[in-house]
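One structure below.
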Amino acid sequence: MVLSATVGKGVAQTSAPLALTGDGQELWTAVPDADQVVVVDARSDQRVAQVAVPGGPASVAVTPDGAQVLVASARGNTVTVIDRAARKVLQTFGEADGIGRDPRHLALSPDGKRAYISAYVGDAVTVLEQSGGRWQKQAVIPVGRRPVGLA
């Protein structure tokens, strides 16, 4: 696969975290300025796929079993769940679902059953829980002004 580019008027203003799959085969990264998540084959260093994720994707996490990828989108106030193998969006959570404003970071529990999302403007951490491959909101925890990172 040959990558090519054209010079555009816009200049990237942000960079985003990377997520390497547990099997070491793929690197997933958010491209906020393009509203997409890009998949790179870690062996060949070639771009192999991209998934549209509107709203300025800011953070990416791969579930420990490698089945799903979660993406927090800051401008869109959403969290998107992607089927890793199919490269398709499975679920999207927004403000009405309890995702706070300006979600920037997310972290998964070691067993992959819970996702924690920090909402920078929302001053909270939202907890999603997975059951049977689907996610549900479990809690919204007020944490004070401007949470910026999770680990």
**Report entry** Per-region count, segment 79-100, residues open to solvent by 50 Å² or more (accessible area, probe 1.4 Å) and assigned to a loop (DSSP other than H, G, I, E, B)
**Finding:** 3
**Report entry** Close pairs (8 angstrom Cβ cut-off, 6 or more residues apart or separate chains): touching a residue at least 24 places away in the same chain (Cβ under 8 Å) and in a loop (DSSP other than H, G, I, E, B) in segment 110-139, crowded, with 18+ Cβ neighbours inside 10 Å and basic (Lys, Arg) anywhere
**Finding:** 120/104
Query raised in the report: From the set of residues in segment 26-53 that are under 18 Å from the mean Cα position of the chain (by Cα) and open to solvent by 80 Å² or more (accessible area, probe 1.4 Å), which is modelled with the lowest pLDDT?
Result: 33
Query raised in the report: Which residue pairs have Cβ atoms under 7 Å apart, sit 6 or more places apart or on different chains, and have a first residue in segment 52-74 that is under 23 Å from residue 110 (Cα atoms) and a second that is among the basic types (Lys, Arg) and in a strand (DSSP E or B)?
Result: 58/104; 59/104; 72/104
Report task. Please work out if residue 59 is more than 19 Å from residue 130 (Cβ to Cβ), open to solvent by less than 70 Å² (accessible area, probe 1.4 Å) and polar (S, T, N, Q). Result -> no
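The values are calculated or read from the model by the stated rules, or taken from the named source; none is laboratory data. Quick caveat: nothing in here was measured; it's all calculated off a predicted structure. Neighbour counts run over all protein chains shown; Cβ positions are idealised from the backbone, glycine included. Ligands, DNA and RNA are excluded from the accessible area calculation, which covers all protein heavy atoms including side chains. Shrake-Rupley method; radii C 1.70, N 1.55, O 1.52, S 1.80 Å.
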